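Everything on this sheet refers to the single structure shown next.
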Amino acid sequence: MSKKHIRPRLVFADRDGNIFDHPDLLMLCRKGTEFVQPGPRDLMPLPEGSDIFLLPGRNALGLDPNSGAIEVMDNNPVAAFVCPGHTLTGICAFETPPGVTPLPLFAYGALGFAKGRFWVCANQVDPDPRQKFEEIPQGSIEQGARDWLAAFPENRLVRHLANCALNTCCPAARNLALGRYEAPLPTAQGCNAACLGCISQQPGDSGFPATQSRIGFRPSTLELLQIMRAHAGHESRPIFSFGQGCEGEPLLETSLIAEACRTYRREGGTGTININTNGSLPAAIPDLAGSGLSSIRVSLNSGQEEYYSSYYRPRSYGFTEVKETIREAKSHGLFVSLNYLFFPGLNDTEQEYRAFGGLLEETGPDFIQLRNLNLDPELYLQTLNPVQSPFMGFANFKKRLKKDFPWIRTGYFNPWLG
Ligand code: SF4
């Protein structure tokens, strides 16, 4: 079915939560500060494993195909939380009356209905199935978690991750329970940033909760090693990732992480050892690289310092240190990924492309993970207060990256490096 002629209709919900497609009004999406009709390359059928959210206290926006006017409905908008491996190309279009509390920490994709199915503003950027759980019985995850608890009853980190797998449904912890793909290794209780969308710690007055409970202890080297050794025994292509959603900044625990890596490698441990970080401490890189770390993933929402600082609210470092960390990692032979938090209509503007392109030229990373920003879009725009400039669309953005930076791969997940 060619997408060229797909003009999805608006999807909305009544006050009882029943979801409808509008008989006349067409779907709109937000791109930056604007509301536009999605183009064919913005749309895809809603992929399995995605969730649909009703956004309370807000009004859905639709397009009148006759007048071209934007209609404000007295009904709730409905958004898609698209499954991993997909990047949003357009945000759900809605208006919020004054005094309504911010939305919780998710990414709200624009959703429409046409030809008997839901369509979402998203593109698949990574076919890797590591966070697909539709075909996996919950019992397998529960049994896996119980096996870990039985094998390592004294290991606090195993207890923490078993809880994550069973109660917060963290995909990384579930994979550990299933003995596959990427093992999460949280270590840090503190952080040197205060990201607006931090999922493990939110100030009391933010108006929305952290979605993960931050780790409350410092694991020992042995607790880390027990997990690394056992996971390598289950998964032939193991990936280990320090820097998880349930912790602070792992570079603040460099000595602990380096000791675990060094011991694991010394005893012949294989696989990709990765650290997901805010990139705040370039001085930590030589020790980590020397200890057997394979890769680093540095998180950023923009190539523009002003927008970076508005979102990450760094305390004891700045954009300069982030770039220096990427350069340092490259010079020490690490594989470098950027965790690029993409917001349609902001990250695909010429202004951002120039700044981000400059950063790529300057620092030379290997991989860009095109991720969604999990935050109330209106709060993000209020905070960044961007000057809206023309945007090229996600598909064009990706195409230009490929042409201008052919050595850089794009995707969504930390790659296994052999
Ligand atoms: S760097 Fe990570 S832990 Fe620190 S504030 Fe940001 S999201 Fe939270």
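Among 193-206, 361-374, 107-120, how do they line up from the highest to the lowest mean number of other beta-carbon atoms within 10 Å?
The most tightly packed comes first, giving 107-120, 361-374, 193-206.
Can you tell me the length gained on complete extension of the stretch Arg237 to Glu135, counting 0.36 nm per residue apart and subtracting the Cα distance?
34.6 nm
Would you tell me the accessible area of Arg7, worked out with a 1.4 angstrom probe on the heavy atoms of the protein chains, in Å² to the nearest 10?
For Arg7, the solvent-accessible surface is approximately 140 Å².
Using 0.36 nm per residue, how much length does the chain from Asn167 to Arg117 gain when fully extended, once their Cα-Cα distance is taken away?
So the chain would gain 14.9 nm between Asn167 and Arg117.
By accessible area of protein heavy atoms, probe 1.4 Å, what ranking do Leu252, Leu103 get, highest first?
Heavy-atom accessible area, descending, gives Leu252, Leu103.
Express the accessible area of region 7-124 per residue in Å², computed with a 1.4 Å probe while the remaining protein chains stay in the model.
Ligands and nucleic acids excluded, the result is 40 Å² per residue.
In region 96-156, what GluC sites (Glu not before Pro) fall in a loop by DSSP, with at most 12 other Cβ atoms inside 10 Å?
Taking region 96-156 and a limit of 12 other Cβ atoms within 10 Å, the loop GluC sites (Glu not before Pro) found are Glu134, Glu135, Glu154.
Would you mind pulling out the separation of the Cα centroids of region 391-415 and region 307-344, in Å?
18
Search the structure for amide H atoms under 5 Å from the amide H of Arg297, placed 1.01 Å from N in the peptide plane, and list their residues when 5 or more places away or on another chain.
Ile275, Asn276, Thr277, Ser337
With every protein chain left in place, what is the accessible area of Arg262 in Å² (1.4 Å probe, nearest 10)?
Counting only protein heavy atoms, the figure is 90 Å².
Take the Cβ-Cβ distance between Met392 and Ser255 as r, set R0 to 51 Å, and report the resulting FRET efficiency rounded to the nearest 0.05.
The formula returns an efficiency of 0.70 here.
Against the longest principal axis of the chain, how steep is helix 319-331, in degrees 0 to 90 to the nearest 10, with axes from Cα atoms?
The helix 319-331 is inclined about 50 degrees to the chain.
Just to confirm the number: angle between the C-alpha axis of helix 221-234 and the first principal axis of the chain, 0 to 90 degrees, nearest 10?
For 221-234 against the chain, the angle is about 70 degrees.
Below 8 Å between Cα atoms, with a sequence gap of 6+, how large is the relative contact order for region 362-418 in percent?
Once normalised by length, the contact order is 69 percent.
Using each residue's phi in region 128-139, evaluate 6.51 cos²θ - 1.76 cosθ + 1.60 at θ = phi - 60° and report the 3J(HN,Hα) Karplus result to the nearest Hz, with x for Gly and Pro.
Along region 128-139, the couplings run 4, x, 4, 10, 9, 10, 4, 8, 9, x, 4, x Hz.
Using a probe of 1.4 angstrom, how much of the accessible area of the chain is carbon and sulfur, in percent?
In the chain, the share of accessible area belonging to carbon and sulfur is 51 percent.
Below 8 Å, C-alpha to C-alpha, sequence gap of six or more: please give me the relative contact order for the chain in percent.
15
Quote the relative contact order of region 134-205 in percent (integer), defining contacts as alpha-carbon pairs under 8 Å separated by 6+ residues.
Computed over region 134-205, the figure is 24 percent.
Enumerate the residues in region 384-418 having an amide nitrogen under 15 Å from the point lying 7 Å beyond the Cα of Glu362 toward its Cβ.
Within reach of a label on Glu362, which here means backbone N under 15 Å from a point 7 Å along Cα→Cβ, region 384-418 contributes nothing.
Using DSSP to define loop residues, name the chymotrypsin sites (Phe, Trp or Tyr not before Pro) in region 188-253 whose beta-carbon has at most 13 other beta-carbon atoms within 10 Å.
The qualifying sites are Phe217.
Averaging over every viewing direction, what projected area does the convex hull of the Cα atoms of the chain cover, in nm²?
Orientation-averaged projected area of the Cα hull: 20.3 nm².
Residues with amide H under 5 Å of Thr410's amide H, sequence separation 5 or more or different chain, H placed in the peptide plane at 1.01 Å from N; which?
Ile368
Sorted from largest down, give the three principal axis spans of the alpha carbons of region 1-139, whole angstrom values.
47, 38, 27
Which order do Tyr181, Tyr353 take when ranked by solvent-accessible area (1.4 Å probe, heavy atoms of all protein chains), largest first?
The most accessible residue leads, giving Tyr181, Tyr353.
Relative to the longest principal axis of the chain, what angle (0 to 90°, nearest 10) does the C-alpha long axis of helix 350-363 take?
The angle comes out near 10 degrees.
For the chain, what does the helix formula give at 222 nm: sum of -39500 (n - 2.57) over DSSP H segments with n ≥ 4, over the residue count, nearest 500 deg cm²/dmol?
That comes out to -8500 deg cm²/dmol.
What does a probe at Arg313 reach in region 181-203, counting residues whose amide N is under 17 Å from the point 7 Å along Cα→Cβ?
Only 190-203 pass the distance filter.
Taking θ as phi - 60°, what are the ³J(HN,Hα) couplings along region 110-119 by the Karplus curve (6.51, -1.76, 1.60), each to the nearest whole Hz, with x for Gly and Pro?
Computed from phi, the couplings for region 110-119 are 6, 10, x, 9, 6, 6, x, 8, 7, 10 Hz.
Looking at region 1-52, which trypsin sites (Lys or Arg not before Pro) are in a loop (DSSP not H, G, I, E or B) and have at most 15 other Cβ atoms within 10 Å?
Counting only loop positions with at most 15 other Cβ atoms within 10 Å, the trypsin sites (Lys or Arg not before Pro) in region 1-52 are Arg15.
Roughly how far apart, in whole Å, are the Cα centres of region 66-138 and region 239-298?
Comparing the Cα centres of region 66-138 and region 239-298, I get a distance of 34 Å.
The values are calculated or read from the model by the stated rules, or taken from the named source; none is laboratory data. These numbers were taken from a predicted model, which means no experiment stands behind them. We place every Cβ from the backbone using ideal geometry, glycine too, and count neighbours over all the protein chains shown. The accessibility values were calculated without ligands, DNA or RNA, using every heavy atom of the protein model including side chains. Shrake-Rupley method; radii C 1.70, N 1.55, O 1.52, S 1.80 Å.
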